[in-house]
Each structure stands twice: as structure tokens, then as C-alpha cells.
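To keep things clear, I will list the structure first and then write my remarks on it.
The values are calculated or read from the model by the stated rules, or taken from the named source; none is laboratory data. These numbers come from a predicted model, not from an experiment. We place every Cβ from the backbone using ideal geometry, glycine too, and count neighbours over all the protein chains shown.
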Amino acid sequence: MKLNKNYYDIKEQWETFGASEYWDGYISNRNKHKTDYKHILKLFNNIKITRVVEFGCGDGSLTEHLLDTGAFVHGVDFSQALLNKANKKLLGKNKFALSPIIRDFSILTDLDFNVVLAVSILEHLPEDMAKRIFQDARRILKKGGYLIFRLPFDDKHRVQYEDIPALDTVYWTTDEIENLAIEYRYKVIKIGFYSIFQKVKEL
């Protein structure tokens, strides 16, 4: 089973959700129960992070913590409503850029990032769009750079539909993720609650 959506479905659903009264409750619950920012930052202990792309930056909740490390962060998101919230949240901060995703991820043309972060985005994307993030992450990463992502796993590939369409969730298998590492020539550092791939060879 695959998530039967395209870019325009995803953009419209996240635009609607991001501007709705349900967003604040969702992000508050996610911050408390699902996204442990301190745990994410601990993943960087052995990585000198200087330039980060954050796919699905949303309202800038994680972006704010990333900026506190001193890194430059380029956040991208489908929803302009969420990017507007991020700009307000990050007012007074520097060393960041925010961009809307237009059709695909080719809007990112800077090839000098050492970390690409994709937390709470891949599972909400159609499979071909999720694969495009793996592909584009490799394109924009410097050699030796890291793709750090979170993706829910199951013993079979499946889709779980939610009351809020933007939150429909795709579960991948670990075999599928290992195959993506092979396809896009990453070195697998870790596959787990947070997974880490490293760009070690040129295509």
C-alpha cells in the first residue's frame, strides 16, 4: 500500500493544517511526547555542525534549538503559513534562511551543507517524494556529511490514515531503508528511532 498523494495534495493539506486551530495543540503534543530536541542535539555531539538543512521545519520549533548551536540553518517547508510562524518565532535570530518547497526539493542549490535533518516529515510524504529527499540530501551534502532522519518502521510497508489528512503516515521497513542507502550510496551509521546515513562517495 502506498500513500496516494502528490505535491499539490501535500501542500494544500499542510497549508490548511498549519493555519488551523489544531496546529498549536499538535506541535505542543509533539514537542512533549515525540520530538525530543535534546536527544536530537545529542546526535550532533560527534559532528561539528556548521551548515544544516532542515526539511519540514514547520513553525521553527526545532530550528530555534539548532540555531543555538551556532550553525547556519536553512529550513524548508510546504506551508507558507508555517514559515510565517517560523519567521515570527525566530525574530532576532540570525544565520538562517526559510524557503517554501516549490514542486520538489530542487529549490536547494547550495551544495555545502554538512547535515541534512528530516524529522517528522518523511512519514507524511508519498514514497516517491520521500525518496527524493534521500536523493537531494546526497546532492547538497558535502562529502562526509550526514543525513539524520526519523521514520516509523514496521514489518511491512503500510499506510495509516488519520483524521487530519496531513498526518497520514507511511510506515517503511528497515530493509527498504537499507536499500535506499545502497541506491543513493550512503554509508549506514545507524538505523533506529533516529537513523543516520553518511555521504562517503561521489556518484
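So for region 58-68 (the condition being hydroxyl-bearing (Ser, Thr, Tyr), more than 20 Å from residue 199 (Cβ to Cβ) and in contact with a Gly (Cβ under 6 Å, 6 or more places away or on another chain)), does at least one residue qualify? Full working, then the answer.
Our first condition is that a residue be hydroxyl-bearing (Ser, Thr, Tyr); within region 58-68, this holds for 61, 63.
Next, only the ones that are more than 20 Å from residue 199 (Cβ to Cβ) stay: 61, 63.
Filter once more, keeping what is in contact with a Gly (Cβ under 6 Å, 6 or more places away or on another chain): 63.
Yes, some residue in region 58-68 is hydroxyl-bearing (Ser, Thr, Tyr), more than 20 Å from residue 199 (Cβ to Cβ) and in contact with a Gly (Cβ under 6 Å, 6 or more places away or on another chain).
For the condition closer than 20 Å to residue 58 by Cα and in contact with a Lys or Arg (Cβ under 7 Å, 6 or more places away or on another chain), what is the one hit in 200, 170, 115, 119? Please lay out each step first, then the result.
Working: 200 fails: closer than 20 Å to residue 58 by Cα; 170 fails: in contact with a Lys or Arg (Cβ under 7 Å, 6 or more places away or on another chain); 115 fails: in contact with a Lys or Arg (Cβ under 7 Å, 6 or more places away or on another chain).
Every option except 119 fails the conditions.
If residue 175 satisfies all but one of (1) more than 19 Å from residue 14 (Cα to Cα); (2) modelled with pLDDT under 95, what's the number of the condition it fails?
So residue 175 meets the others, but not (2).
Return the residue satisfying two criteria in turn: it lies in region 6-46 and is within 18 Å of the chain's Cα centre (by Cα) and part of a loop (DSSP other than H, G, I, E, B), and of such residues it is modelled with the lowest pLDDT.
Among them, the one singled out is 35.
If you go through region 53-68 one residue at a time, how many are more than 15 Å from the chain's Cα centre (by Cα) and either within 21 Å of residue 123 (Cα to Cα) or exposed (fewer than 14 other Cβ atoms within 10 Å of the Cβ) (or both)?
The total comes to 1.
Kindly establish whether residue 166 is touching a residue at least 60 places away in the same chain (Cβ under 8 Å) and among the small types (Gly, Ala, Ser).
Considered against the rule, which asks whether it is touching a residue at least 60 places away in the same chain (Cβ under 8 Å) and among the small types (Gly, Ala, Ser), residue 166 comes out as yes.
Filter region 136-176 for residues that are exposed (fewer than 13 other Cβ atoms within 10 Å of the Cβ) and closer than 20 Å to residue 105 by Cβ and give the result.
143
Among the helices (runs of 4 or more DSSP H) lying completely within region 59-143, list those that include at least 3 residues that are out of contact with any helix residue (DSSP H, G or I) (no Cβ under 7 Å at 6 or more places or on another chain) and touching a residue at least 40 places away in the same chain (Cβ under 8 Å).
Numbers: elements: 61-67, 80-89, 127-140.
It comes to 127-140.
Would you tally the residues in region 178-196 being touching a strand residue (DSSP E or B) at 6+ places or on another chain (Cβ under 7 Å), free of Cβ contacts under 8 Å to residues at least 60 places away in the same chain and not hydroxyl-bearing (Ser, Thr, Tyr)? Step through it out loud before you land on a result.
So in region 178-196, the residues touching a strand residue (DSSP E or B) at 6+ places or on another chain (Cβ under 7 Å) come out as 178, 181, 186-190, 194-196.
With free of Cβ contacts under 8 Å to residues at least 60 places away in the same chain added as a condition, the list becomes 178, 181, 186-190, 195.
Filter again for not hydroxyl-bearing (Ser, Thr, Tyr), leaving 178, 181, 187-190.
Summing the residues that are touching a strand residue (DSSP E or B) at 6+ places or on another chain (Cβ under 7 Å), free of Cβ contacts under 8 Å to residues at least 60 places away in the same chain and not hydroxyl-bearing (Ser, Thr, Tyr) in region 178-196 gives 6.
It is to be established whether one or more residues within region 182-195 are surrounded by 19 or more Cβ atoms within 10 Å (Cβ to Cβ) and within 21 Å of residue 116 (Cα to Cα). Steps first, answer last, please.
Applying the first criterion (surrounded by 19 or more Cβ atoms within 10 Å (Cβ to Cβ)) to region 182-195 yields 186, 195.
The next check asks that each one be within 21 Å of residue 116 (Cα to Cα); those that pass are 186, 195.
Scanning region 182-195 turns up at least one residue that is surrounded by 19 or more Cβ atoms within 10 Å (Cβ to Cβ) and within 21 Å of residue 116 (Cα to Cα).
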